[in-house]
Structure formats: structure tokens, C-alpha cells
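Before any comments, here is the structure.
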Amino acid sequence: MSDKERTAARDGQFPNPQPASKRSSSRVKRPEWLKIRIGAGPVDQRVREVLRDGSLHTVCESARCPNKGECFGRGTSTFLILGNACTRDCGFCAVPHGPVAPPDPGEPERVAAAAKRLELKYVVVTSVTRDDLPDGGAHHFAATIAALRHELPDSRIEVLIPDFQGKRAALELIAAARPDVLNHNIETVSRLYPTVRPGAVYQRSLAVLTYFRQRGFPTKSGMMLGMGESDEEILSAFSDLLQAGCQILTLGQYLQPSRHHLPVERFVAPDEFDALAGIARGMGFAMVAAGPLVRSSYMAEGCAEILGEKSSTDKLSANAS
């Protein structure tokens, strides 16, 4: 981390700079700013109907996203492919861990059909992690992108991919499918990986982002805060992401999905998220979304504002590190 970044954290650009060990625990009452909207209404019901008709999963439901009601109410969702069970068992994630089934060959077409019924102009597709598959599910991702291109040629596609264990052939398959935005979350700071993301490797995730940025893709990553990270570690992660070529950053509050998951170490106030967003923009990120309820795919269509015309990455390239 540079002297400038350390000064920013020390001199008040963080509202409450202090070591993680001195912050409040998850046992305090959830603050008012974390009230979650419950979905209701005809648009919400239509999204659920379309998903049910297609026998499709969403990360909104499987990961217990706090924005599910809002996003379904706007007629959007984030598709979760390759099943609803993950081969990893991360301490923060609500997606089930357990036995997995072979990829469903009809799923890509059903995702595309659902996206068309919902008239999505910006489609986000993610997946569970499938370390059991030789390609990690990369072929299935590519098939889904191709199906979406066929059904919605004018829509943009963002993929939120796992690390594929760093396998070059898998990354090449995704690159060849040409998504409009490549998203891969680092989730947390390097020190917390053994606890938060067992099975993942911090440097490997950075290398995934570097691979796609070097090939001209707009790149995006996200972090959860409130898991015990320090302010200095947050800024160091920002620097690492920029060095890896990441251009779009999302920051949100970690919320414990159940008592079996990692506890929340603290609740990060909205003004601190605002301060972090300002610092991140000043460091060189082209776009930053930060707030207690921000998630990686929340309001993802906002990326279109800086993409300009379809397939144009000039604005992003100008801000690349």
C-alpha cells in the first residue's frame, strides 16, 4: 500500500479507522440501515413464474441475497447454473454444499429462454463451483453465453465465474465465448482466505482477473466487509485488484446466513462505505458500487453506463491500471 493510501486511512477518510480486533462483534443488534425489502407484487411473481417454468436456480435465492425482493420486483435476477450444490464449503456462503449432479445439457437454452421472456437487456450468469468437473464447468458457461447471444443478440452478458482452479484451458473457453463483462470476486482480504474461502487462493483469483484484462475484457470484482479485515488490508486489496487490472468494484456488508456460518465481526456504517468508494475511485477504479446491501450482481446493469455502445470498452480501458 502506498504512503498516500495509508495517509488517507489515517487522516479521516475512513470514518472509524481502528484495528479489527477492537471492532464490535456480530452479537450487537442489526442496525437500521440493514432493513431488507420483502418482495411482492405482479412483477416479482412473474419472475418467480418464469424461473419455475424453466426449472432454473438463481443466486438471489440460493445465496439468500438481501436484495432478492427488490431485484425480482424490478424484473431481474441472476441465473445460477451448474446446479444448486457447490463442491466447496466456504464459511460465508449460503449456497448448499453437498452431492452434485452432472451438468444439465438443456440448462443453457432454458436460461436464454427465461432471459428473453423477462426481456433482460443486461443478463448476469454465475454458477456454483464445480471442482469435480475437468473444466470446472467452463464449457457449460460458454454454451450459456452462446444461447443468450442467439436469443438476445442486443443484450449484454456479464458472467460471474469461479476460479476454475486456475486452469488455463477453462479460462480460454470463457474468453472465446466473449462475455461483455468478466466478474470474479476475491470476496475478502488475503489473510482471511483460509477461514473464509478454503479451497480458494487469493493470488489465483487475482491471476484470473489479470488473464481477462490482458485480453481486453472489462473486469469486475467484489468484496464483503465486516469479517475481521482491517482498513489497511482493505486498501491493500484495492491495490492488488488494480494491479490485476480490475476496473469495476463492488463492496457490501457480510451478513451471516445462519448460525452455522462465520459470524459478523462488525457492521460497517454507510458513511464508511461512501468513504471507501471515494478512495477506490481516487485510486483508479472506473466504477464503484458500495453500501451495506450492495452485492456483486446488484444493479449490475449500471455497468452499461460506462460500456457505451455494445462491445465498446474505451471508457474502461482509459481507467485500466
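Every number in this text was worked out from the coordinates using simple rules, so none of it is lab data. Only a predicted model underlies this, so the values are computations on that prediction, with no experimental measurement involved. A quick note on method: Cβ atoms are made from the backbone with ideal geometry, for glycine too, and the neighbour counts reach across all protein chains shown.
Near the amide H of CYS86, within less than 5 Å, lie the amide hydrogens of HIS97, GLY98, all on another chain or at least 5 residues away, with H placed in the peptide plane. For LYS121 and ARG259, a Förster radius of 51 Å and the Cβ-Cβ distance give a FRET efficiency of 0.80, rounded to the nearest 0.05.
List the pairs from LYS29/LYS121; LYS121/LYS167; LYS121/LYS220 whose alpha-carbon separation is above 28 Å, in the order I gave them. Check vs 28 Å cut-off fails for LYS29/LYS121; LYS121/LYS167.
When the chain is fully extended, how far beyond the present Cα-Cα distance does ARG191 get from GLN203, taking 0.36 nm per residue of separation? Write down the numbers at each step before the final one.
Numbers: separation 12, 0.36 × 12 = 4.32 nm, distance 1.15 nm.
Once the chain is fully extended between ARG191 and GLN203, it gains 3.2 nm.
For the pair segment 161-209 and segment 215-229, the centres of their Cα atoms are 10 angstrom apart.
Based on the Cβ-Cβ distance from LYS167 to ALA269, what FRET efficiency comes out when R0 is 41 Å, to the nearest 0.05? Don't skip to the end; give the middle numbers.
Working: r = 40 Å, r/R0 = 0.98.
It comes to 0.55.
Where in segment 229-268 does the label zone of HIS97 land, with the point 7 angstrom along Cα→C-beta and an amide N cut-off under 18 Å? Only 255-264 fall inside the zone, counting backbone N under 18 Å.
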